[in-house]
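The values are calculated or read from the model by the stated rules, or taken from the named source; none is laboratory data. Just so it is clear, the structure is predicted and the values come from calculations on it, not from any experiment. Quick reminder, even Gly has a Cβ in these numbers, built from the backbone with ideal geometry, and neighbours come from all protein chains shown. What goes into the accessible areas is simple: the full protein's heavy atoms, side chains included, and nothing from ligands, DNA or RNA. Shrake-Rupley method; radii C 1.70, N 1.55, O 1.52, S 1.80 Å.
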Amino acid sequence: MSSMTRMMSALLRRTHSFSSSRAPISTTFANSLSVKPKISYQNNSGGQTRNLHFLDPRLWIIFSGQAAILGVCGNVVLAEDETVKSKPGDNDGLERIEDGSVVSNIHTSKWRVFTDSGREHFFQGKLEPAERLFGSAIQEAKEGFGERDPHVASACNNLAELYRVKKEFDKAEPLYLEAVSILEEYYGPEDVRVGATLHNLGQLYLVQRKLEEARACYERALKMKRRVLGHNHPDYAETMYHLGTVLHLQGKDTDAEALILDSLKILEDNGQGESMTYIRRLRYLSQIYIRSNRLAEAENIQRKLLHMMELSKGWNSMEAVIAAEALAVTLQLSGQLREALELFEKCLSTQKKLLPEGHIQIGGNLLHMAKTFMLQASQLRGSEALSKLEKAKDYLGDSSRIAKDVLLKLKNQKSKDQKQGKSSETLRNYEHAALVILLRSLESLAVLETSKNEIPEAKERHPNAAEDALVQCLSAYKEFGCGTQLQDSPEVKSEYISCLKHLSVLLASKERTLNSKASPISIAELKEEVECIEMDLLGSHKKGS
């Protein structure tokens, strides 16, 4: 069983990343799906019952390493326009500037209407009309208040945030820079409002992995916030935390850990020790510990998170399931397989109560459980090992089936949404999760079949079963990844490369060419494909650095 142990260890090194959550941008996509019945989801904390669809983002975890490391970067910060002070009783369209002067004309009125309407469309997920409205707001602010007025900076920030959400970074950056320039000119380079915009610009750079640029923005913003807000202000802690994420990505884990711990302490001191912000940052710190192989420290944090969720939400809640699943993955990594499996099974039981059949999160949990059974099998012999592998095979079959069904549904839904001009960001998130789960399930199945053939007690041997599973893995990538934005995902590429390499090893051991239904696949072709994708990944990494 030594070969399976080695292969499972490689798979597990990529597993911990997809137990992290990321808040969705909007629920437009989920609300638009009506082909499945809705379900009732009871939130124990408030006693409020909501009807949710089987793909509603509120019931879903995105399984992505990048999401885990950049989860905070999904936060949307539309400008609140702190430069404008309104008094009760003011006429519509009158905007008071801090010096007490009043600017009132048709353009200022239109600026307010376009801004408010743009916000409303934005938070509904209607990004195309929101983009037009925010663009119009910039023009009206320039004509009504003047080209270099803070209202223009506010409008620029809003449109830049929208472009950041749409990942149109080349459009977002000049708008942020213009906002910074205007505010520096109007208030001075050390004003806290400049710092707030620099913080937003830092987020843009961080999500693009432009780490030096992000670090410079956060360090400057932190200095301004410390001077104006003080060392114990939550806004100061927010920039401190973001700077910590940048330092972690730069490999400066000691400094990163210190900043994140300080930001957590500030939240605790301000009575926010049970807030979602605190929980997200604590979860991120646990991910840092996992990546540093400090599993005991990660386990302690995750037990604390699970305890918090059980007290505040109750076990029969998705919040508790997310926390328990993350703890189970860490236990799996540290070899505590029995407790990990117990937690996964408990999560599955709760998921089946709260989620519809075929939900992608159930597919992810089934994959975790299958890998746990495979790890247990690697520690056993003969019929006991075979029994564990058969259980794992059943779970892998279910996880791959669920993932493929979700991908097919999303493929159809994407076509409809594109015709209607709707945003597809949330849809791409679902696709990403489902494709990663499908690829990992099929490669795990290949590992399992190879291991079964090595057990003397196995009554039936299927010498080509592992190859068949890996060919399905390649086919899944071609069907759902190629020609879509998913093919640019580092996580998807890494999974695909892993399948290619695995298949190359199998074919090399048999010294032959695989005759698939489409065409023969040679070892040389597989290696050439691997080299090509690895070059793409290397180029993306260098660009991000």
| Looking at (1) over 26 Å from R215 (Cα atoms); (2) open to solvent by less than 10 Å² (accessible area, probe 1.4 Å); (3) in contact with a helix residue (DSSP H, G or I) (Cβ under 6 Å, 6 or more places away or on another chain), which is the only condition S317 fails? | (3)
| Which one of these does Y186 not meet: (1) more than 16 Å from L259 (Cβ to Cβ); (2) out of contact with any Pro (no Cβ under 7 Å at 6 or more places or on another chain); (3) part of a helix (DSSP H, G or I)? | (2)
| said: With the requirement that a residue be open to solvent by less than 10 Å² (accessible area, probe 1.4 Å), out of contact with any Lys or Arg (no Cβ under 8 Å at 6 or more places or on another chain) and either β-branched (V, I, T) or closer than 19 Å to S154 by Cβ (or both), what does region 218-244 give you? | reply: A221, M224
| Is there a residue being open to solvent by less than 60 Å² (accessible area, probe 1.4 Å), under 26 Å from R164 (Cα atoms) and under 21 Å from the mean Cα position of the chain (by Cα) anywhere in region 252-272? | yes
| request: Kindly list the number of the only condition in (1) touching a residue at least 24 places away in the same chain (Cβ under 8 Å); (2) surrounded by 22 or more Cβ atoms within 10 Å (Cβ to Cβ); (3) not polar (S, T, N, Q) that fails for I288. | output: (2)
| query | Consider Q361 against the criteria (1) assigned to a helix (DSSP H, G or I); (2) without any contact (Cβ under 8 Å) to a residue 60 or more places away in the chain: it satisfies all of them except one. Which criterion is unmet? | reply | (2)
| query | Residue check: is L264 in a helix (DSSP H, G or I), closer than 21 Å to K210 by Cα, of a type outside the set (V, I, T) and in contact with a Lys or Arg (Cβ under 8 Å, 6 or more places away or on another chain)? | reply | no
| field | Residues (open to solvent by 10 Å² or more (accessible area, probe 1.4 Å) and either more than 18 Å from A434 (Cβ to Cβ) or in contact with a strand residue (DSSP E or B) (Cβ under 6 Å, 6 or more places away or on another chain) (or both)) located in region 355-372 | value | P356
| Which listed residue, of S154, S181, is modelled with pLDDT of 95 or more and polar (S, T, N, Q) | S181
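I'd like to know if region 378-385 contains one or more residues that are more than 30 Å from G125 (Cα to Cα), among the polar types (S, T, N, Q), open to solvent by 30 Å² or more (accessible area, probe 1.4 Å) and modelled with pLDDT under 95. Steps first, please.
Step one: of region 378-385, the residues more than 30 Å from G125 (Cα to Cα) are 378-385.
Add one more test, that the residue is among the polar types (S, T, N, Q), and what stays is 378-379, 383.
Now narrow it down to the ones that are open to solvent by 30 Å² or more (accessible area, probe 1.4 Å): 379, 383.
With the extra rule that they be modelled with pLDDT under 95, the set shrinks to 379, 383.
Yes, the conditions are met somewhere in region 378-385.
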| task | Scan region 469-489 and report the pairs whose first residue is modelled with pLDDT under 85 and of a type in the set (S, T, N, Q) and whose second residue is open to solvent by less than 50 Å² (accessible area, probe 1.4 Å) and not in a helix (DSSP H, G or I), with Cβ atoms within less than 9 Å and a gap of 6+ or a chain change. | result | Q485/S424; Q487/G481
| field | Subset of region 275-327 [assigned to a helix (DSSP H, G or I) and aromatic (F, W, Y)] | value | Y278, Y284, Y289
| query | How many of the residues in region 441-494 are outside any loop (DSSP other than H, G, I, E, B) and open to solvent by less than 70 Å² (accessible area, probe 1.4 Å)? | reply | 32
| query | Would it be correct to say that T254 is out of contact with any helix residue (DSSP H, G or I) (no Cβ under 8 Å at 6 or more places or on another chain), among the hydroxyl-bearing types (S, T, Y) and either without any contact (Cβ under 8 Å) to a residue 40 or more places away in the chain or part of a helix (DSSP H, G or I) (or both)? | reply | yes
